[in-house]
Amino acid sequence: MSDASYDTLILGAGAAGLMCAAHAGGRALVIDHAKAPGEKIRISGGGRCNFTNMYAAPENFLGGNPHFHKSALSLYTQWDFIALMDSHGISWHEKTLGQLFCDGSARQVVAMLMQEARAAGAEVALQTRLVDLDKNDNGFAAVIETEGRQNRVHARSVVVATGGKSIPAMGASGMAYDIARQFGHDTTDTRAALVPLTFPDGRFKPLAGVSLPVRSGAGGVSFDEAMLFTHRGLSGPAILQISSYWREGEAITLDLLPGQDAFTVLREARQSAGRRNLSTVLAQLLPSRLAAWMTEELDLRGNLADQGDAALRELAARLQHWQLTPAGTEGYRTAEVTLGGVETGALSSKTMESRHVGGLYFIGEAVDVTGWLGGYNFQWAWSSGAAAGRAISAARRGGP
Ligand SMILES: Cc1cc2nc3c(=O)[nH]c(=O)nc-3n(C[C@H](O)[C@H](O)[C@H](O)COP(=O)(O)OP(=O)(O)OC[C@H]3O[C@@H](n4cnc5c(N)ncnc54)[C@H](O)[C@@H]3O)c2cc1C
């Protein structure tokens, strides 16, 4: 077994790990068990990577401590990342709601981060796994394995950037949580988030493929975005967003006519076109397949003129306060992120360093900070990665 010494050993060549390497400088080794770095970046945003959000602010993140992420987000902002993209000549555009995507390909972001990390002096070892990690008086001693060969690595700092549990087929593992616990850190319960919701008995199967703008609500939070019916249940941005706030056994609320007052609309229609039947009116308000399905489900019969205020109010409530209890979620198999992770109470919010073990850092999705859909999760990876990288660089140079 050979021995090698580094200033920093970074576990995970994903979004946060590569960003950290780009800022840490010195001798850094980044290891990853995957064949290629930044695989989630590559597949993100339909291959165009929604790399940040122009409006990223602390309110767009969830976590046990609603203040923890503020510091890192303010020290490396969306504008810093945009400037980095611009300096590499990578063109981008705003799609909607401040969400920024590459004009070309997400691969450009991976290439940029690899270039930045290597320019800062980092080596990247792929198809390499961590076998053992220990702390001693001089720092950390790790055993890593590449193609069956084991090597010992000594490092003053170790950064855990192995992400969360989402998409195990892409190599997601719970390793960050195991390392956290090994060094005396607590981890919160974790759950799949930004994930489609499922419903029993193929309830929405006949509607699969129908989409419409809605306001989705759960846990006191609501989102105005598009919703999509699927064979298994509900998806689309409005549902992915609310999935982070939904808990088992609870109902979600859907407003199918956001920004309108359904009762007023129906009453006015009764006055101006009382002879129209209810299904025709519904078809003017909703996509035709959904209108037909709802007409049957609610057993709507007769003309508008036949409906009293109470009946119209009942229909309006169904359209704007539709309560649905999901059976569950599609789980980590399709979830974009993991909610929860390494508890933030024992981490420095400025540097991401462990308060228990000097030189040990946790960054990115592994930490109990989760962003909304829309580029926020990458922003957290960039901000927390830069925070740790800068702290490591400052410590190496004897700074604060
Ligand atoms: C399909 C999909 C689309 C997404 N789209 C977007 C988007 O457009 N915008 C957005 O902001 N967010 C998006 N996300 C979320 C975003 O990808 C993550 O929040 C982000 O990648 C987290 O960065 P990270 O560096 O913490 O983890 P990761 O990027 O997951 O990197 C972790 C790295 O660690 C490696 N690793 C894991 N376990 C081990 C181990 N045991 N040993 C060695 N290496 C290990 C992995 O191979 C990986 O390279 C998307 C997620 C998915 C799944």
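The values are calculated or read from the model by the stated rules, or taken from the named source; none is laboratory data. Being a predicted model, the structure only gives us computed values, none of them experimental. Cβ: placed from backbone, ideal geometry, glycine included. Neighbour counts: every protein chain shown.
Evaluate the following for T264: is it more than 37 Å from the chain's Cα centre (by Cα) and either aromatic (F, W, Y) or at pLDDT 95 or above (or both)? So T264 passes the test. Taking the criterion of being at pLDDT 95 or above and farther than 20 Å from G202 by Cα, would at least one residue in the stretch 289-309 satisfy it? No: the stretch 289-309 contains no residue that is at pLDDT 95 or above and farther than 20 Å from G202 by Cα. Considering (1) away from the ligand (no atom under 11 Å from the Cβ); (2) under 22 Å from T338 (Cα atoms), the lone condition that W92 does not fulfil carries the number (2). The helices (runs of 4 or more DSSP H) found entirely in the stretch 1-104 that carry 1 or more residues being over 26 Å from A169 (Cβ atoms) are 15-24, 70-75, 78-87. Filtered by the rule that a residue be part of a loop (DSSP other than H, G, I, E, B), aliphatic (A, V, I, L, M) and more than 12 Å from G63 (Cα to Cα), the stretch 356-376 gives V357, I363, L373. Any residue that is of a type in the set (G, A, S) and either in contact with a His (Cβ under 9 Å, 6 or more places away or on another chain) or within 18 Å of H321 (Cβ to Cβ) (or both) - is there at least one of those in the stretch 269-286? Taking every residue of the stretch 269-286 in turn, none turns out to be of a type in the set (G, A, S) and either in contact with a His (Cβ under 9 Å, 6 or more places away or on another chain) or within 18 Å of H321 (Cβ to Cβ) (or both).
Give me the residue from the stretch 145-180 that is within 9 Å of the ligand (Cβ to nearest atom) and of a type in the set (A, V, I, L, M, F, W, C) and, out of that set, surrounded by the fewest Cβ atoms within 10 Å (Cβ to Cβ). Selected residue: M170.
Among the residues in the stretch 187-194, are any touching a Ser or Thr at 6+ places or on another chain (Cβ under 8 Å), touching a residue at least 40 places away in the same chain (Cβ under 8 Å) and farther than 30 Å from G374 by Cβ? No, the stretch 187-194 contains no residue that is touching a Ser or Thr at 6+ places or on another chain (Cβ under 8 Å), touching a residue at least 40 places away in the same chain (Cβ under 8 Å) and farther than 30 Å from G374 by Cβ. Within the stretch 56-70, restricting attention to residues that are buried (at least 17 other Cβ atoms within 10 Å of the Cβ) and more than 14 Å from the chain's Cα centre (by Cα), the residue that is farthest from L97 (Cα to Cα) is F68.
Restricting attention to the stretch 18-46 and to residues that are more than 10 Å from the ligand (Cβ to nearest atom) and of a type in the set (G, A, S), the residue that is surrounded by the most Cβ atoms within 10 Å (Cβ to Cβ) turns out to be A21. Summed over the stretch 388-400, the residues that are of a type in the set (G, A, S), in a helix (DSSP H, G or I) and either in contact with a strand residue (DSSP E or B) (Cβ under 7 Å, 6 or more places away or on another chain) or more than 13 Å from the ligand (Cβ to nearest atom) (or both) give a count of 5.
Since R333 meets every condition but one in (1) under 30 Å from D134 (Cα atoms); (2) within 12 Å of the ligand (Cβ to nearest atom); (3) surrounded by fewer than 20 Cβ atoms within 10 Å (Cβ to Cβ); (4) among the charged types (D, E, K, R), which condition does it not meet? Among (1) under 30 Å from D134 (Cα atoms); (2) within 12 Å of the ligand (Cβ to nearest atom); (3) surrounded by fewer than 20 Cβ atoms within 10 Å (Cβ to Cβ); (4) among the charged types (D, E, K, R), the lone unmet condition for R333 is (1).
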